[in-house]
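Encoded as structure tokens, the structure appears first; notes follow it.
The values are calculated or read from the model by the stated rules, or taken from the named source; none is laboratory data. This structure is a prediction, so every number in the text was calculated from the model and none was measured. So basically every Cβ, Gly included, is an ideal-geometry build from the backbone, and we count neighbours across all protein chains shown. We work out accessible area using only protein heavy atoms, side chains counted, and drop any ligands, DNA or RNA first. Shrake-Rupley method; radii C 1.70, N 1.55, O 1.52, S 1.80 Å.
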Amino acid sequence: MILLAWTAVKVGYALAFGLGLAGFLGWVERKQSAVAQDRIGANRAQIFGWRLIGLFHPIADGIKLITKEDFVPARALRPFHALAPALSLGCCLLCLAALPFGGTVEVFGRVWSLQPFESRVGLVYVLAFLALGVHGVVMAGYVSGSNYGLLGGLRGAAQMVAYEVCMAAILAAPMFLYGTLDLQEAVLAQGGYWGGWLPTWGVFRQPLAFVLYLVAGTAASKRIPFDLPEGEAEIVGYHVEYSGMKFGMFMISDFVENIVVCGLGATLFLGGWGIPFVSLAGAWGGLLMLASFAVKTCALLFLLMQVRWTLPRFRVDQLLDLGWKSVLPLALLNFLATVWGAWLWR
Amino acid sequence: MAMTVRPVSRPRRGLLEQSYLWEVARGLGVTFRHFFINLARHCLRLAGLRAEPGAVTIQYPDEPAVLGRRARTRHRLLRRPDGSPRCTACLLCETICPARCIRITAEESPDPAVEKRAKTFDIDLGMCVFCGHCVEACPVDAIHMDADQVELAAYSRGDMIWDMPALMRDTK
Ligand code: SF4
Ligand code: SF4
């Protein structure tokens, strides 16, 4: 009974983390771009004259999206038109469940795990649901009865499949070093120190894999510079026939996907919830774990957001070339080198 | 005239540029620099300290728009020294207007020195593309686009049509 309640609490935290951060990211996206481009950014939404540097804009956006007309074009396949955004959002919300927001803490004489879904194959689970998310994109493009949507869906399929393959190949090397597919154990495996001061984080053990992961992760979550399925300047993309909250769900699932990718990156490369030289125990340790994980995820999100406002969009062929001809071979080479290196070292 | 040829060499891309990562890092350097400098300026100003503004934004509806000296704005019909309109209803502006948004009807002028004058002179600002051709075409310099008014929105298409008294309202 207690276990069930605790699981519900953890799931609630994961959902709040994902959706809350997603809403916040909408604000970050506007303000960060504005500050980097010498502008002020959205600052008009106000409640009783309070503007709070535009923090009310996500709320205004939400109200707008919910109250907007939900238009379904005559040529769309109705049930699937409604299913696609749900599939998109559902898949990436499920990914959140396996992220280790914290380790295990002992409070009230019990051991509590802070990971909502403890699985021995957590990484495979996350990658699988990230990959399933592509169905929402393809379905949306296919059933909305619009050629632009279809183009977007096709691009999405080509791109996301390519980069899911890359993701798996890239993550093979660090997971080989950690010797597990369990995300919790992967965090524990990064708890050591080299020379007594440098934490054995994945980013120091596998720098190439980290860079490749950022590239593939951006592409798999279809963020700029790899936002070809959307490409609002040319085809508007797979959600061109969506309006109101259905469109909003696609937006949110984009952000949540981004959060999942960054959370996974923080877990596998930045030491997860661990804080170097701080031993975490008890209730305060648990809170520190949650905070540390959130800070690391946000740092990666900040970096990717800045990349988004720095680079122009790739062309389709360039994108696929980069994936199949550069990232994938490099990832496989990195894996081979890691395995041989580990064998020679032994 | 002899043609001159200036060879433009394509920038050579070495391994560093081709690998893309270095260039991405440089781009990030630029945007990060702007981000942090602007952020610091915003914070300093919020704290009430003297600092350069972190943004160049003009808060337009709250602050007036800044128009260039040569900005083409709403049309204005000019007057003669005696106060009558300068326009001789020659229809050159109506003819040249690419948007066909000027409508003039002419009438006999009481002044024997002037052949005719405009009875009505309507400009449909909803169709005008603000090209300025009408100003260029006018032989007697009767029409200018310097009323410095850019807020011309109206609630109906009919209200976008400005007639002669309106166009002459702010000319002495
Ligand atoms: S500015 Fe151009 S479009 Fe407008 S009235 Fe004059 S000629 Fe016509
Ligand atoms: S060109 Fe000048 S004079 Fe001729 S009708 Fe137009 S405003 Fe009048």
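Comparison of B:I123, B:I96, B:I143 shows that the only residue that is over 30 Å from A:I40 (Cβ atoms), open to solvent by 70 Å² or more (accessible area, probe 1.4 Å), touching a residue at least 24 places away in the same chain (Cβ under 8 Å) and among the aliphatic types (A, V, I, L, M) is B:I96.
Every condition in (1) of a type outside the set (K, R); (2) assigned to a loop (DSSP other than H, G, I, E, B); (3) away from ligand 2 (no atom under 16 Å from the Cβ) holds for B:V140 except the one numbered (3).
The criterion of being within 18 Å of the chain's Cα centre (by Cα) and farther than 26 Å from A:A86 by Cα does not hold for A:A162. Scanning the range B:160-172 for residues that are touching a Cys at 6+ places or on another chain (Cβ under 9 Å) and open to solvent by 70 Å² or more (accessible area, probe 1.4 Å) turns up just one, B:I161.
Checking the conditions here, which among A:F108, A:F71, A:F48 is closer than 28 Å to A:G286 by Cα and of a type outside the set (G, A, S)? Before you say what the answer is, go through the steps one by one.
On the way: A:F71 fails: closer than 28 Å to A:G286 by Cα; A:F48 fails: closer than 28 Å to A:G286 by Cα.
Result: A:F108 is the single residue among A:F108, A:F71, A:F48 that is closer than 28 Å to A:G286 by Cα and of a type outside the set (G, A, S).
In the range B:51-67, the residues that are loosely packed, with under 10 Cβ neighbours inside 10 Å and modelled with pLDDT under 85 never reach a residue that is assigned to a loop (DSSP other than H, G, I, E, B) and hydroxyl-bearing (S, T, Y) with C-beta atoms less than 7 angstrom apart, at least six apart or across chains. Each residue in the range B:19-50 was checked for being more than 10 Å from chain A (Cβ to nearest Cβ), open to solvent by 90 Å² or more (accessible area, probe 1.4 Å) and more than 29 Å from A:L212 (Cα to Cα), and 3 of them qualify. Specify which of the listed residues (B:C128, B:C134) is within 8 Å of ligand 1 (Cβ to nearest atom), not β-branched (V, I, T) and not in a loop (DSSP other than H, G, I, E, B). From the options B:C128, B:C134, the qualifying one is B:C134.
Among the residues of this structure, A:V215 does not count as one that is surrounded by fewer than 23 Cβ atoms within 10 Å (Cβ to Cβ) and in a helix (DSSP H, G or I).
Of everything in the range A:51-71, what is away from every other protein chain (no Cβ under 14 Å) and part of a loop (DSSP other than H, G, I, E, B)? Give them in sequence order. Spell out how you get there, then give the answer.
Step one: filter the range A:51-71 for residues away from every other protein chain (no Cβ under 14 Å), giving A:55-71.
Listed by number, the residues that qualify are A:L55, A:F56, A:K68, A:E69, A:D70, A:F71.
Suppose we keep only residues that are open to solvent by 40 Å² or more (accessible area, probe 1.4 Å) and in contact with a helix residue (DSSP H, G or I) (Cβ under 9 Å, 6 or more places away or on another chain) within the range B:68-84. Which one would you say is farthest from ligand 1 (Cβ to nearest atom)? That would be B:R79.
Would you pick out the residues in the range A:186-203 that are exposed (fewer than 15 other Cβ atoms within 10 Å of the Cβ) and either touching a helix residue (DSSP H, G or I) at 6+ places or on another chain (Cβ under 7 Å) or not in a loop (DSSP other than H, G, I, E, B) (or both)? Of everything in the range A:186-203, those that are exposed (fewer than 15 other Cβ atoms within 10 Å of the Cβ) and either touching a helix residue (DSSP H, G or I) at 6+ places or on another chain (Cβ under 7 Å) or not in a loop (DSSP other than H, G, I, E, B) (or both) turn out to be A:Y193, A:W194, A:L198. Taken over the range B:111-129, the criterion of being out of contact with any Ser or Thr (no Cβ under 8 Å at 6 or more places or on another chain) and away from ligand 2 (no atom under 11 Å from the Cβ) is satisfied by B:P112, B:A113, B:D122, B:D124, B:L125, B:G126, B:M127, B:C128, B:V129. Residues that are within 14 Å of another protein chain (Cβ to nearest Cβ), hydrophobic (A, V, I, L, M, F, W, C) and within 19 Å of A:G156 (Cα to Cα) occur at least once in the range A:297-318. The helices (runs of 4 or more DSSP H) found wholly in the range A:72-183 and carrying at least 1 residues that are in contact with a His (Cβ under 8 Å, 6 or more places away or on another chain) and open to solvent by 40 Å² or more (accessible area, probe 1.4 Å) occupy A:78-97.
Contact annotation: residue pairs with Cβ atoms under 9 Å, 6 or more positions apart or on different chains, pairing a residue in the range A:149-176 that is closer than 13 Å to A:A219 by Cα with a partner that is β-branched (V, I, T) and open to solvent by 30 Å² or more (accessible area, probe 1.4 Å), are A:R155/A:V316; A:G156/A:V138; A:A157/A:V138; A:A158/A:V316; A:Q159/A:V316; A:M160/A:V138; A:Y163/A:V215; A:C166/A:V215. Counting only residues that are aliphatic (A, V, I, L, M) and more than 13 Å from chain B (Cβ to nearest Cβ), which one in the range A:25-50 is farthest from B:I37 (Cα to Cα)? Looking at residues that are aliphatic (A, V, I, L, M) and more than 13 Å from chain B (Cβ to nearest Cβ), I get A:I47. Among the residues of this structure, B:R157 does not count as one that is within 15 Å of ligand 2 (Cβ to nearest atom), open to solvent by 80 Å² or more (accessible area, probe 1.4 Å) and touching a residue at least 12 places away in the same chain (Cβ under 8 Å).
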